[in-house]
Amino acid sequence: MTDLATYNFAYLDEQTKRMIRRAILKAIAIPGYQVPFASREMPMPYGWGTGGVQVTASIIGPEDVLKVIDQGADDTTNAVSIRAFFQKVANVAVTTHTKDATIIQTRHRIPEQKLAEGQILVYQVPIPEPLRFLEPRETETRKMHALEEYGLMHVKLYEDIAHNGRISKTYAYPVKVAGRYVMDPSPTPKFDNPKMHLSEALQLFGAGREKRIYAVPPYTEVVSLDFEDYPFEIQKFEQPCALCGAEGVYLDEVVLDDKGGRMFVCSDTDHCEERREHGHAGAMLAPSKEAAE
Amino acid sequence: MYVAVKGGEAAINNAHELLADRRRGDRSLPSVTIGQIIEQLGLAVDRVMAEASLYDRALAALAVRQSRGDLIEAIFLLRAYRTTLPRFGASVPLDTATMKVERRISATYKDLPGGQLLGPTFDYTHRLLDPSLLTDEPVDEPKRKDASDERIMRVSDILAHEGLIEPDGEFPADHLAGDLTREPMEFPMSRDLRLQALARGDEGFLLALGYSTQRGYGRNHPFVGEIRIGEVEVEMEVAELGFAVSLGRIRVTECQMVNQFKGSSKAPPQFTRGYGLVFGQSERKAMSMSLVDRALRAEELGEDITAPAQDEEFVISHSDNVQATGFVEHLKLPHYVDFQAELALVRKMRADIEAARNSGKDLQEAAE
Ligand SMILES: [Zn+2]
């Protein structure tokens, strides 16, 4: 009872890592296909990133530099907690800079800065099955994937247009990978979908509770589902980031008071900080900047 | 201000400190010991061992203490430890007929070889709060029977003599016991894996499902053939030795539910069985498990699948409380990126409706 806490490098035993690596290799070989794997019980709760953590633990080495984000930010509590976990069990270098990281584990966002060859983006996935909300049974949805029977998904999107005049899916927007499998991009906003397409980085998806791993290899086609007359569109924001002035990035709405006061700031905190370091300033930070010019 | 909406390392550390403080509580009171938890909250310890699938009283008691008595949290702690342990192999099947029985009752026979043994049960207590437990009154030693090696035959064996009940069922000789903590789960499941899932399934969930079968949602006419609680030997084949060696004894609760069955195209009229086996003393769990096990055999026995308790994918996918609590509670993690997307959509849709209403007004005004 006294020698409870002796764990292997990156927590998982080597046999488990091998099993997960085999699943990852299979996932890379069949882009977008959900590979069942014997997900382990992790020391953090299911639904809190156990899939992503297992994937990261299986691929990380002592030389890696790890970045962990949740909602685009490095300092959200669960990102802090997962980063601290890997510092403790793998003693790896960590960073908040997207460009310095070799592995980026994420929940709900893809960094704004374009990822490069050699980087790996690990997504935490709650429900890996894009057809789940149309058909709750795994036995059925696996059949539908096998037969490439995606009519139901198109009907759902079409019904959306008929009812709402637009496809009302704003996040976890389904994509087709390498022209074959329909895949759930995890609950990232659809704003991030185009970043997956032909990405130079390897993208790995881990769903711990649902015991699935899937992947998008580098330079793979990732197409958001749409219709010719209702093409896929991403969210647009009416104003730039209030802190760094960035446009064409995803923004968080921050409530300032109880009188409807709001500001919009970068969801990607590293991107925002880097821009500010380079002298960019948004309306909130630099009232004097325009005057000076 | 903007920074304040984000959490951070300091906040997490402070929360952990506060948690440790609350766990200890009033420092003027003595701290509860692991031994006290094992001895005096033994059924809580049993539940944690059962649903964590790890038979270790001291570690389960440690988990109960660490979790401040939140048993699902304790189960989670013990499971997260269990997952790091190496697997040496599988034991040979427990022979519960050789159990050192502490409690054994049958609802199907008035008397039977080995007799009815009530054991340490709440069953016939009157549920009146006992003021003597407010203080530490001395407790009398219980009456004990002399230890004997008497083998107490199982009720299922009595019925089997007449051929009235289905046999235990056989796996092919090369069948390896499944391990759902080491292999990805797939449906339909074999019965060994299904029973494994039920054995670690949430007691409350299985209780409710078992109850639902009694109320007509997948009724299967159950009788408690037998419940027995006691210690059994765990043995393991060691390849180099060529025979099974004992690893020790564990306390288990076994329930054999006997179910009326009119027969179907797949099986003759006979009694069928639902099976429950749980670490420690937990009759409620073992009984619920056997009701649900029997309900989940609907397809195998050619019965119509009409109720939730008969639906394997539904039951097994939702029976694990560590998975369930994690996913339900993950809703408290930040979701503001997705919420922002939904917020923008709802605003846009409202603006569209407003615009449509205004242009409708314009048309109406033009027509007037
Ligand atoms: Zn910014």
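The values are calculated or read from the model by the stated rules, or taken from the named source; none is laboratory data. Quantities reported herein were computed from a predicted structural model and do not represent experimental measurements. In this analysis, Cβ positions are derived from the backbone assuming ideal geometry, glycine residues included, and neighbour counts consider all displayed protein chains. Keep in mind that these areas ignore ligands, DNA and RNA; they rest on the heavy atoms of the full protein, side chains included. Shrake-Rupley method; radii C 1.70, N 1.55, O 1.52, S 1.80 Å.
Just for the stretch B:144-197: of the residues that are open to solvent by 40 Å² or more (accessible area, probe 1.4 Å) and of a type in the set (Ser, Thr, Tyr), which one is modelled with the highest pLDDT? The selected residue is B:Ser190. The residues of the stretch A:245-270 that are touching a helix residue (DSSP H, G or I) at 6+ places or on another chain (Cβ under 7 Å) and open to solvent by 20 Å² or more (accessible area, probe 1.4 Å) amount to a single one, A:Glu253. Of the helices (runs of 4 or more DSSP H) lying entirely inside the stretch B:21-108, the ones with 2 or more residues being within 14 Å of chain A (Cβ to nearest Cβ) and crowded, with 19+ Cβ neighbours inside 10 Å are found at B:42-52, B:57-66, B:71-82.
Here is the figure for the stretch A:93-151: residues that are touching a Ser or Thr at 6+ places or on another chain (Cβ under 7 Å), open to solvent by 50 Å² or more (accessible area, probe 1.4 Å) and among the aromatic types (Phe, Trp, Tyr) total 0.
Being modelled with pLDDT under 95 and within 11 Å of the ligand (Cβ to nearest atom) is the filter here, so list the residues in the stretch A:245-261 that pass it. Within the stretch A:245-261, A:Asp252 is the sole residue that qualifies.
Of the residues in the stretch A:38-46, at least one is within 14 Å of chain B (Cβ to nearest Cβ), open to solvent by 40 Å² or more (accessible area, probe 1.4 Å) and touching a residue at least 12 places away in the same chain (Cβ under 8 Å).
The set of residues in the stretch B:317-342 being at the interface with chain A (Cβ under 7 Å from one of its Cβ atoms), of a type outside the set (S, T, N, Q) and not in a loop (DSSP other than H, G, I, E, B) consists of B:Val322, B:Gly326, B:Phe327, B:Glu329, B:His330, B:Tyr336, B:Val337, B:Asp338, B:Ala341, B:Glu342.
Given the condition within 9 Å of chain B (Cβ to nearest Cβ) and either outside any strand (DSSP E or B) or within 29 Å of A:Glu148 (Cβ to Cβ) (or both), answer yes or no: does some residue in the stretch A:51-65 qualify? Checked against the condition, which is being within 9 Å of chain B (Cβ to nearest Cβ) and either outside any strand (DSSP E or B) or within 29 Å of A:Glu148 (Cβ to Cβ) (or both), the stretch A:51-65 yields no hits at all. Give me a count of the residues in the stretch A:262-282 that are more than 11 Å from the ligand (Cβ to nearest atom) and away from every other protein chain (no Cβ under 11 Å). Within the stretch A:262-282, residues that are more than 11 Å from the ligand (Cβ to nearest atom) and away from every other protein chain (no Cβ under 11 Å) number 3.
Looking at the structure I just gave you, is B:Glu313 more than 12 Å from every other protein chain (Cβ to nearest Cβ), surrounded by 11 or more Cβ atoms within 10 Å (Cβ to Cβ) and closer than 30 Å to B:Glu203 by Cα? It is false that B:Glu313 is more than 12 Å from every other protein chain (Cβ to nearest Cβ), surrounded by 11 or more Cβ atoms within 10 Å (Cβ to Cβ) and closer than 30 Å to B:Glu203 by Cα. Looking only at residues in the stretch B:212-244 that are small (Gly, Ala, Ser) and part of a loop (DSSP other than H, G, I, E, B), the one that is surrounded by the most Cβ atoms within 10 Å (Cβ to Cβ) is B:Gly218. The criterion of being over 30 Å from A:Val55 (Cβ atoms) and either within 10 Å of another protein chain (Cβ to nearest Cβ) or more than 12 Å from the ligand (Cβ to nearest atom) (or both) does not hold for A:Lys176. Of the residues making up the stretch A:66-109, those that are more than 12 Å from every other protein chain (Cβ to nearest Cβ) and basic (Lys, Arg) are A:Lys67, A:Lys88, A:Lys99.
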